[in-house]
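Here's the structure we're looking at; comments come further down.
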Amino acid sequence: MPRPKTAKKKIAKKTMRKTIATSSSTAELEAQIISARAKLSKAHTKETFTQGKVVAQLQKKLSSLQAKLKQLRDKKATLTSKIKEKPTASLKNQLTKTNDSLKTANEQGRLLRAELSAAKSALADVVSAQKKFLAQEKALAKFDRDFAKASAPKKRRVRRTAKQSAQTAAE
């Protein structure tokens, strides 16, 4: 037997109001610009540091190569003086090997100097870009300060009457 239908009490669902954050698209863009400028500042600093390290490494390699070249030149000078005194086949072979080593070291030095000059110019470019960015940041900060100062409400000066100043002096 079917149940008799009874009236159900209708209960309204409680709905919570969603708070919608009203943010302007320009404010979001300004926030993105500020974060991008901060990232750019960090990138400039990092790039300057890495380029400086590259230049330092190349200078270190060049100085060690110059020491090696000096050693080879000294060896060549001693061998030539020994050959003048007593020319032997082994001394001549040593001299040819030393000359070959000297030629390859000179070639390496030439390549290393070219690489070093390229790295120095890259470092100079990075440093100038960083200086330009810092100058822009400084100008922007000055503009922001000046704009905030200009748009701030003016303080009103209260003029005292002779009566008010006499009262404050008496107190």
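The values are calculated or read from the model by the stated rules, or taken from the named source; none is laboratory data. In this text the structure is predicted, and so the values were computed from the model without any measurement. We place every Cβ from the backbone using ideal geometry, glycine too, and count neighbours over all the protein chains shown.
Residues in the stretch 63-90 that are crowded, with 16+ Cβ neighbours inside 10 Å and of a type outside the set (Lys, Arg): 65, 69, 72, 79. The one condition from (1) part of a helix (DSSP H, G or I); (2) over 21 Å from residue 53 (Cβ atoms) that residue 154 does not meet is (1). The set of residues in the stretch 101-114 being loosely packed, with under 15 Cβ neighbours inside 10 Å and farther than 17 Å from residue 74 by Cα consists of 107, 110, 111, 113, 114. Determine whether residue 135 is more than 30 Å from residue 69 (Cβ to Cβ) and modelled with pLDDT of 95 or more. Judged against the criteria, residue 135 is a match. Of the residues making up the stretch 89-123, those that are farther than 18 Å from residue 62 by Cβ and either outside any helix (DSSP H, G or I) or among the small types (Gly, Ala, Ser) (or both) are 89, 90. Per this entry, residue 128 is not counted among residues that are out of contact with any Leu (no Cβ under 8 Å at 6 or more places or on another chain), in a helix (DSSP H, G or I), surrounded by fewer than 10 Cβ atoms within 10 Å (Cβ to Cβ) and not aliphatic (A, V, I, L, M).
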